[in-house]
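The values are calculated or read from the model by the stated rules, or taken from the named source; none is laboratory data. Quick caveat, the model's predicted, so the values are computed rather than measured. Cβ sites come from the backbone with ideal geometry, for glycine too, and all protein chains shown count toward neighbours. For accessibility, only protein heavy atoms count, side chains too; no ligands or nucleic acids. Shrake-Rupley method; radii C 1.70, N 1.55, O 1.52, S 1.80 Å.
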Amino acid sequence: MVVQLKFKIHQIIVKDMRKNTRKSFHTGTVKKTIRIKASKDKVWRKISNIAGLPTWVVDVKKTVYLSKKKKDVGAVRLITFEDGNEIEEHVVLWDAGKSFTYIATEGLPLRAYVATISIKARPKNVVELTWKSYLNSKKMSEKEFIDFLAFMGSFYEASLENLKIILEE
């Protein structure tokens, strides 16, 4: 069973636009961790395939490379979601077998988005996977930003649950 979550970034931002609210910049973080019963190598192979997102990330229709590089620093991907939204991401840190960090340069209602996906081996063939991000918004109300952070948390959770289901089969 795959978890579904409709990916509608723009709806979250637009829903309070009619209200007369003061817009400003906001910063925050989102962090979700899951334990997966699988080998560290198996988990790393799945997450380090940065164009393989349609198999586990919620509502991703397709992911294509925009760079010749497929892994490591300098790899670039374009993610297309079911709703047509596109996000361009660049890998900026790569620690093979442990973690990678990427930034979104286009497609989010943010001035900055930096995320790291990391894994740690635990006893009994269990891997702890953490997806953590730092966000700095474009001008929006505080409520809009809090709603966006909540959405991102739900998005991460649903995607990580999908990954767990796939890797524990």
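The string of couplings for the range 47-57 from the Karplus curve (6.51, -1.76, 1.60, θ = phi - 60°) is 6, 7, 7, 5, 9, x, 4, x, 7, 9, 8 Hz, one whole number per residue in order, with x for Gly and Pro.
Taking the charge dipole of the chain about its Cα centre, with +1 at Lys and Arg Cβ atoms and -1 at Asp and Glu Cβ atoms, the residue from LEU108, THR33, ILE47 reaching farthest to the positive side is THR33. Is there a pair in LYS37/LYS62; LYS71/LYS120; LYS62/LYS139; LYS42/LYS164; LYS69/LYS138; LYS40/LYS164 whose C-alpha atoms are over 22 Å apart, and which pairs would that be? Over 22 Å Cα-Cα: LYS37/LYS62; LYS62/LYS139; LYS69/LYS138. The C-alpha atoms of the chain define a longest principal axis, and helix 142-167 lies at about 20 degrees to it.
Working from Cα pairs under 8 Å separated by at least six residues, relative contact order for the range 20-169 is 33 percent.
Assuming charge only on the beta carbon of Lys and Arg (+1) and of Asp and Glu (-1), the dipole of the range 26-115 about its Cα centre is about 600 debye to the nearest 20. Please report the carbon-and-sulfur percent of the accessible area for the range 47-166; probe 1.4 Å, protein heavy atoms only, DNA, RNA and ligands left out. Of all accessible area on the range 47-166, carbon and sulfur atoms account for 54 percent. What's the center-to-center distance, using Cα atoms, between the range 121-169 and the range 57-118 in Å? For the range 121-169 versus the range 57-118, the Cα centre distance is 14 Å.
Mind checking the dipole of the range 99-167: about its Cα centre, +1 per Lys or Arg Cβ, -1 per Asp or Glu Cβ, Debye to the nearest 20? Each step should come with its number before you reach the end.
Details: 9 positive and 7 negative charges, 53 e Å.
Dipole magnitude for the range 99-167 comes out near 260 debye.
For the range 72-79, backbone phi angles converted through the Karplus equation (6.51, -1.76, 1.60; θ = phi - 60°) give residue-by-residue couplings of 6, 4, x, 6, 10, 10, 10, 9 Hz, Gly and Pro being listed as x. The charge dipole of the chain, taken about its Cα centre with unit charges on the Cβ of Lys, Arg, Asp and Glu (plus for the first two, minus for the last two), comes to roughly 300 debye.
With both labels modelled 7 Å from their Cα along Cα-to-Cβ, the LYS69 to GLU106 distance reads 1.9 nm.
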